[in-house]
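Beneath this line is the structure, given in structure tokens, with notes to follow.
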Amino acid sequence: MKHNADLSGFRMLLSFAHPDDESFGMGGAIAHYAERGVEIALICSTNGDVGSVDPEWLEHYDTIAELRLSELRCAAEALGIKSVITYGYRDSGMVGTPDNDHPDCLIQADEDVVTGRVVRDIRTIRPHVVVTFDPYGGYGHPDHIYMHRVTTRAFHAAGDPAQYPEHIAEGLAPYQPTKLYYNTFPRLPLRLMVWSMRLRGQDPRRMGKNQDLDMQAALDNHLPATTRLNISAYQNQWDAAAACHASQQNPRQMQGLFDRIARFVYSRQEFTRVHPPRNGRERLERDLFAGLSRD
């Protein structure tokens, strides 16, 4: 059953690193809020141009970046994202790879400069809610961790007129969003994944196509959820958006019994509210916009 309570007039800014972060991470929640009228904007700071792509996908594209950004536009339309803001940095690759040292990659960019770009977007869009990665970046990707840092800084700086005063000179007034959330993996499927890998004799610290995903570390760094959304009614839209990123290894692409199990396990999406901080006695939130009023 879909939630039809009208949230038109509210705005949300998603601040991520790669084309596909929005779909593979919180696609169900994005569709949930777009359908309720929330105006959603997405920052994608890199072009995803270091991701693995089979040659067949490049038949109609000159570069990997061109392909990945085309897939992003497809996913944004499927989810109902109103605007996509791209920064154009090079993907930094996984930890310890030579791509980390490329001068054009995201993690080599001046953090003050990138924080200022996010501040500018916050002051332009004036979101009520901002969502980004948790401190570990979900699974430890350097670009995710970088965007966590700069977005958290920008959230607190955007309302301070002493921060990035050049924006004010250009006519952008200081603006403080009300709530900041970190998108987190649901803990149960993460635990099940690690457990099942160990049961099969696989190393959960060496997962994925390139064996560079450490899911044990992701579990060890997991933050407790403060907010849990029921997105079961939006799984078809979530699947459609994930399918747009056809050149990537789609974690939603399952069949038969495994698909039914995955749909049950991922029928909830979880978030950690960072601001305002939880007082420890509050009940689990069921809505990112709980307690907010329109402008």
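The table that follows gives values for the structure above.
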{"item": "Sum of -39500 (n - 2.57) over DSSP H runs of 4+, divided by residues of the chain (222 nm, nearest 500)", "result": "-11500 deg cm²/dmol"}
{"item": "Order of Asp220, Asp21, Asp49 - criterion: other Cβ atoms within 10 Å of each residue's Cβ, fewest first", "result": "Asp220, Asp49, Asp21"}
{"item": "Ascending count of other beta-carbon atoms within 10 Å, so fewest first, for Ile122, Ile64", "result": "Ile64, Ile122"}
{"item": "Cysteines without a disulfide-compatible partner [the chain; Cβ-Cβ under 4.7 Å]", "result": "Cys44, Cys105"}
{"item": "Charge-dipole axis of the chain as Lys and Arg at +1 and Asp and Glu at -1 on Cβ define it, positive-most pick from Pro189, Pro161, Tyr175", "result": "Pro189"}
{"item": "FRET E, pair Gln176, Arg200, Förster distance 51 Å, beta-carbon r, rounded to 0.05", "result": "0.60"}
{"item": "Size of electric dipole in the chain: Cβ of Lys, Arg +1 and of Asp, Glu -1, about Cα centre, debye, nearest 20", "result": "1620"}
{"item": "Net +/- balance of residues flanking His144 in space, Cβ distance below 9 Å, scoring K and R +1, D and E -1", "result": "-3"}
{"item": "The chain: antiparallel DSSP beta bridges as a percent of all, rounded to 5", "result": "30"}
{"item": "Residue order, fewest to most beta carbons within 10 Å, for Arg281, Arg206", "result": "Arg281, Arg206"}
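All of the numbers you see were taken from the coordinates with simple rules; none came from a lab. Just so we're clear, the structure is a prediction, and the values are computed from it rather than from any experiment. Here the Cβ is made from the backbone with ideal geometry for all residues, glycine too, and neighbour counts use every protein chain on show.
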